[in-house]
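Worksheet for the structure shown next.
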Amino acid sequence: MAGGIFSPLGSCSELEKANCHPLVCLLCHEPYQHPCLLDCYHNFCASCLRGRASDGRLRCPLCGHPSVVRGGTGLPPVDRLLQFLVDSSADSEEDVQCANCDRCCTKAELDTMYFCNTCGQPLCAPCREETHRARMFTRHEIVSLSKRTKDIHKKCPLHEEPYIMFSTEKKSMLCINCFRDMQGESRAHCIDIETAYMQGCQRLDQAVMAVKELQTSTREAIVLLKAMIEEVRNSASEEEAAINSLFSRMQEQLSERKKTLLKAVQSQHEEKEKAFKEQLAHLASLLPTLQVHLVTCSAFLSSANKAEFLDLGYQLMERLQRIVKLPHRLRPAQTSKINSEYRAEFARCLEPLLMLSPRRSVVGSAGGIGPGITGTNMLPGGQCSKTLMVPSCPPSSDKMSTGPMVKKPTMHRYISTKVLLAEGRETPFAEHCRNYENTYRMLQTEIQGLKDQVQELHRDLTKHHSLIKSEIMSEILQKSLQMDVQIAAHYSAVEMMRSVFEEVWEETYQRVANEQEIYEAQLHDLLQLRQENSCLSTITKQIAPYVRSIAKVKERLEPR
């Protein structure tokens, strides 16, 4: 039936929707049939777990915890406690007939039925009063039908004798023969059934209290995690909205600055191109003149004799010197690099948008955590406050009333403190938060006790119209004054820590700001060096042809 279900339960929401009856299996959703107990203390039917074991291990379908399985069945041991509850539940659903008057009772009348453990028969209420009140039945053990003693629990299966003792060492019941067969040392650990029952009830109460504390802590953790999940969801929505808004504004600013930069680049391009063309036209007109004079000089040297050279040679040399001394713009008046400083311009236009601002609190100013949950009706423990809150109570301390307006304690403060302490970093502020939480919880417990007392007095006055002792009122007022002094002292102690923490926060902020400034300066210096190197490379490439041309001319004139 359920043995073919091999997929674990998906999430906590599915578990909440499932049938969580303690006697119903979470897989087949039917009453347990041979319930088996896993190492994680989850129970399932044997048929639901059959075939799930692999290599001697069986993974829990609910939490995934592996359990060691021994034996050839591939199943964990049967849970005797749960099987007892299942059998008791099945017995309570059976039709019960009185052994004396043969009267059948319905399920609604089971609470009025009795059982005689001595006779081993059920009795209705009238028969119990009429027949079993006789003197011959005075020693009969008559209990409620739900607490009847089954045969398996009445006698020892080894000696067929009734149980009379209980061994606290072996945690088992003993008959008279079992007690006689025990060694003397073990007999010291034996007590009667009634005493063992009372001691067991006390120990069970202690265990139940521990489980209840764990249950309370678990519920607080669940409330905390749900609040944090809601906070994460709200934070993600706000962050997405902020990112989209900032991105849109950045796109608008960048688009406008892009148009401005493209216009500047076009203007520089036209200006540089015009200057280079003018210089190129000048040099293009100079080159034929130089070529003519070089040819003239070469022809004059080859055709003129000494007299003609001395007559016209100096005139030719003066002309060549004047040509060389004329102001010729051989070097470019400016670089060919068009620099719009677009990175700096884009950064400058984005700087107002990217200025660091204080983080927005996910929780609103009213301390709202979610729909219908606010900071005023949630206690730090995650439980809803059921006491009467008086919003118009004036502050009882002048120092506290004259100080800055303090926000009400909210669930967000409690969550943030939990997260800070969970990080495990030992800082002065973390130690302060830890001490604060302990003191705050103690004060809150005292205040809650006073509220309960006042509510009880108010209820007695309005509903029961009973007399109230004046000593109780005096005691409550005295405790309230003492609590006021303690809260004021604690507030003063916390307020005194403000200067210490503000100094630490200021140092941290200045250090972060200095590191950011140094980092940006390092990047700027590297970019500037790279730009200077690029300019040098460009200039070197531009003057290289002129250097080679002058070198060739010098080589031709050097022999003369």
Quiz item: Between the stretch 243-292 and the stretch 151-191, how many Å separate their Cα centres?
Solution: 107 Å
Quiz item: Taking a 25 Å limit on the Cα-Cα distance, which of the listed pairs 259/337; 325/552; 325/554; 272/554; 226/451; 263/541 fall beyond it?
Solution: 272/554; 226/451; 263/541
Self-check item: Accessible surface, the stretch 492-560, averaged per residue in Å² (probe 1.4 Å)
Solution: 92 Å²
Quiz prompt | Relative contact order for the stretch 208-355, counting Cα pairs under 8 Å that sit 6 or more residues apart, in percent | solution = 47 percent
Quiz item: Once fully extended, how much extra length lies between residue 506 and residue 321, figured as 0.36 nm per residue of separation less the alpha-carbon to alpha-carbon distance?
Solution: 59.3 nm
Quiz item: Normalized C-alpha radius of gyration of the stretch 167-251, against 2.2 N^0.38 Å?
Solution: 2.53
Practice problem: Send over a whole-number figure in Å² for the accessible area per residue of the stretch 18-92, probe 1.4 Å. | Solution: 56 Å²
Quiz prompt | Förster radius 41 Å - calculated FRET efficiency between residue 216 and residue 259 (Cβ-Cβ, nearest 0.05) | solution = 0.05
Self-check item: Rounded FRET efficiency, nearest 0.05, which uses the C-beta distance separating residue 488 from residue 193 and R0 of 60 Å
Solution: 0.55
Quiz item: Tell me, in nm to one decimal, what length is gained between residue 519 and residue 310 on full extension, where the rule is 0.36 nm per residue of separation less the Cα-Cα distance?
Solution: 68.0 nm
Quiz item: Which peptide among 340-352, 540-552, 162-174 comes first, and what is the full order, when sorted by highest mean count of other Cβ atoms within 10 Å?
Solution: 162-174, 340-352, 540-552
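The values are calculated or read from the model by the stated rules, or taken from the named source; none is laboratory data. Just so we're clear, the structure is a prediction, and the values are computed from it rather than from any experiment. Here Cβ is always computed from backbone atoms with ideal geometry, including for glycine, and neighbour counts include all displayed protein chains. Side chains included, ligands, DNA and RNA excluded: accessible areas come from the protein's heavy atoms. Shrake-Rupley method; radii C 1.70, N 1.55, O 1.52, S 1.80 Å.
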